[in-house]
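Working notes, beginning with the structure itself.
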There are 2 protein chains.
Amino acid sequence: MTTKAIFYHAGCPVCVSAENSVANALDPAKYTVESVHLGTDKSRVKEAEAAGVKSLPALVMNGAAFHINFGASIDAVK
Amino acid sequence: MTTKAIFYHAGCPVCVSAENSVANALDPAKYTVESVHLGTDKSRVKEAEAAGVKSLPALVMNGAAFHINFGASIDAVK
């Protein structure tokens, strides 16, 4: 049984680096990671904001938002 | 064979949260995570700075520094 983690990004170089290194390094025995490109899937911006995401890339897991470096503000993808 | 990842922190609540959620979630089949408290182990501040760490908590892996949220500037632990 795995827990869901969502990696929100904007397709930016900082985002790609964080996805390749951090998001893809999560233990697959514990987490299933969904990658959401908010630049192309704007319908999910509200959900990301509700989870506490203020900038991208960000990993939402265990009920909290973990912003990883800074690629773009969430306002930039609205 | 695992790769080493180093989680640098300052013992702050933001650091503890990032360690519990993100650092401890890395796949143990791929990464061995070392946790370094720079507030109590100041001898390693230079090594963290050389790896690109500017604030804490930060995860250094695959040759890059990933700052996770913001707990403290690295200058605060010098």
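Of these, B:G11, B:G52, which one is part of a loop (DSSP other than H, G, I, E, B) and within 13 Å of chain A (Cβ to nearest Cβ)?
Just a single option satisfies the conditions, and that option is B:G52.
Scanning for something touching a Phe, Trp or Tyr at 6+ places or on another chain (Cβ under 6 Å), in a helix (DSSP H, G or I) and more than 9 Å from chain A (Cβ to nearest Cβ), does region B:55-73 turn up at least one residue?
no
From A:A25, A:A76, which residue is surrounded by 19 or more Cβ atoms within 10 Å (Cβ to Cβ) and more than 13 Å from the chain's Cα centre (by Cα)? Please lay out each step first, then the result.
Working: A:A76 fails: surrounded by 19 or more Cβ atoms within 10 Å (Cβ to Cβ).
That would be A:A25, the only listed residue that is surrounded by 19 or more Cβ atoms within 10 Å (Cβ to Cβ) and more than 13 Å from the chain's Cα centre (by Cα).
(1) in a loop (DSSP other than H, G, I, E, B); (2) over 19 Å from B:A51 (Cβ atoms); (3) among the hydroxyl-bearing types (S, T, Y): which one isn't true of B:S17, the others all being true?
For B:S17, the failing item is (1).
Restrict the check to region B:23-42 and report whether at least one residue is modelled with pLDDT of 95 or more, closer than 21 Å to A:G71 by Cα, within 13 Å of chain A (Cβ to nearest Cβ) and in contact with a strand residue (DSSP E or B) (Cβ under 8 Å, 6 or more places away or on another chain). Spell out how you get there, then give the answer.
In the first step, residues of region B:23-42 are kept if they are modelled with pLDDT of 95 or more; the result is B:23-42.
Those still in the list that are closer than 21 Å to A:G71 by Cα too: B:23.
Within this subset, residues satisfying the condition of being within 13 Å of chain A (Cβ to nearest Cβ) are B:23.
Add one more test, that the residue is in contact with a strand residue (DSSP E or B) (Cβ under 8 Å, 6 or more places away or on another chain), and what stays is B:23.
Yes; the residues of region B:23-42 include at least one that is modelled with pLDDT of 95 or more, closer than 21 Å to A:G71 by Cα, within 13 Å of chain A (Cβ to nearest Cβ) and in contact with a strand residue (DSSP E or B) (Cβ under 8 Å, 6 or more places away or on another chain).
Tell me which of these B:N20 doesn't satisfy, since it passes every other one: (1) under 20 Å from A:K4 (Cβ atoms); (2) surrounded by 14 or more Cβ atoms within 10 Å (Cβ to Cβ).
(2) is the only condition that B:N20 fails.
Just the residues that are over 21 Å from B:A23 (Cβ atoms) and of a type in the set (D, E, K, R), please, taken from region A:12-53.
A:D41, A:K42, A:R44, A:K46, A:E47, A:E49
Quick check on A:I68: is it crowded, with 20+ Cβ neighbours inside 10 Å and hydrophobic (A, V, I, L, M, F, W, C)? Show your work before the answer.
Numbers: crowded, with 20+ Cβ neighbours inside 10 Å: yes; hydrophobic (A, V, I, L, M, F, W, C): yes.
Considered against the rule, which asks whether it is crowded, with 20+ Cβ neighbours inside 10 Å and hydrophobic (A, V, I, L, M, F, W, C), A:I68 comes out as yes.
Here are B:K30, B:K54, B:K42, B:K4: which of them is free of Cβ contacts under 8 Å to residues at least 24 places away in the same chain and either crowded, with 16+ Cβ neighbours inside 10 Å or out of contact with any Cys (no Cβ under 9 Å at 6 or more places or on another chain) (or both)? So that I can check it myself, show each step before the final result.
On the way: B:K30 fails: free of Cβ contacts under 8 Å to residues at least 24 places away in the same chain; B:K42 fails: free of Cβ contacts under 8 Å to residues at least 24 places away in the same chain; B:K4 fails: free of Cβ contacts under 8 Å to residues at least 24 places away in the same chain.
Just a single option satisfies the conditions, and that option is B:K54.
The values are calculated or read from the model by the stated rules, or taken from the named source; none is laboratory data. Bear in mind that the values here come from a model prediction, so they are computed numbers and not experimental data. In this analysis, Cβ positions are derived from the backbone assuming ideal geometry, glycine residues included, and neighbour counts consider all displayed protein chains.
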